[in-house]
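S.K.: This is the structure I have questions about; it appears just below.
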Amino acid sequence: MEERKEERRSLSHLLIVPSLQKFYALVIVIILVVTFILIFISIRITIEDTRRTVMLSKSTASAYEILSKIKEDLLYKIGWIFIPSFIIAGGLGIYLIHRVAGPAYRLHRLLEHIAKGELPNEVKFRQTDFLKDLAADLNTIVLRLKEEHGDAERLIGMLERYKAEINDEKKRAEVDSIIATLRKI
């Protein structure tokens, strides 16, 4: 029972971006099925055409010559089936990677700005981008940081007003220290 939970847990971690991975897997399966169907049809047509040609011409060609002709025809036809399949699968892969890499780059830039102490605007993604849930979480963090920054600015204002009323230099220095600490935040 314990092994089964571990196995299930590790399998669930395979789907990091489930919508992306499921979509890509489905499209690849469709491309493969269509490719195999087209190959099967090409084989059937090639063999039937060759059989018909041999029967009609009452050819005296050897079995080797007939099989060589079939092989040549099949290689040509299958090549023309596989090339578009690879181009479509590769293009789709690039498209989907772009829909993940672009948002990941924008999120990386957002985190760089936050690490520098800047409070950037919300990050926005295109409708077709993935990782929108992560962007929403980071936007919530940025909003909260902006609120806390506003609170810190209000405290600094209050401390500045309080400092103006203090006559003791030692206490003014302490208030300045607190203000400096708040400005770092």
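S.K.: Just wondering, is there one or more residues in region 99-114 that are at pLDDT 80 or above and outside any helix (DSSP H, G or I)?
M.R.: Checking region 99-114: not a single residue is at pLDDT 80 or above and outside any helix (DSSP H, G or I).
S.K.: Which of the numbered conditions does Phe86 fail, given that it passes all the others? Conditions: (1) free of Cβ contacts under 8 Å to residues at least 24 places away in the same chain; (2) of a type outside the set (A, V, I, L, M); (3) surrounded by 11 or more Cβ atoms within 10 Å (Cβ to Cβ); (4) not in a helix (DSSP H, G or I).
M.R.: With respect to (1) free of Cβ contacts under 8 Å to residues at least 24 places away in the same chain; (2) of a type outside the set (A, V, I, L, M); (3) surrounded by 11 or more Cβ atoms within 10 Å (Cβ to Cβ); (4) not in a helix (DSSP H, G or I), Phe86 is out only on (4).
S.K.: Given the conditions (1) surrounded by 10 or more Cβ atoms within 10 Å (Cβ to Cβ); (2) assigned to a helix (DSSP H, G or I); (3) not small (Gly, Ala, Ser), report the number of the one that Asn121 does not fulfil.
M.R.: Asn121 satisfies all of (1) surrounded by 10 or more Cβ atoms within 10 Å (Cβ to Cβ); (2) assigned to a helix (DSSP H, G or I); (3) not small (Gly, Ala, Ser) except (2).
S.K.: Could you check region 124-136 and list, in sequence order, the residues that are assigned to a helix (DSSP H, G or I) and either at positive phi or surrounded by fewer than 11 Cβ atoms within 10 Å (Cβ to Cβ) (or both)?
M.R.: Result: Asp133, single match.
S.K.: Identify, please: which residue in region 46-69 is at pLDDT 80 or above and either touching an Asp or Glu at 6+ places or on another chain (Cβ under 9 Å) or part of a loop (DSSP other than H, G, I, E, B) (or both) and is, among those, surrounded by the fewest Cβ atoms within 10 Å (Cβ to Cβ)?
M.R.: Filtering first and then ranking leaves Asp49.
The values are calculated or read from the model by the stated rules, or taken from the named source; none is laboratory data. Treat the numbers as computed from the prediction; the structure is a model and nothing was measured. No Cβ is skipped: glycine too gets one built from the backbone with ideal geometry, and neighbour counts run over all protein chains shown.
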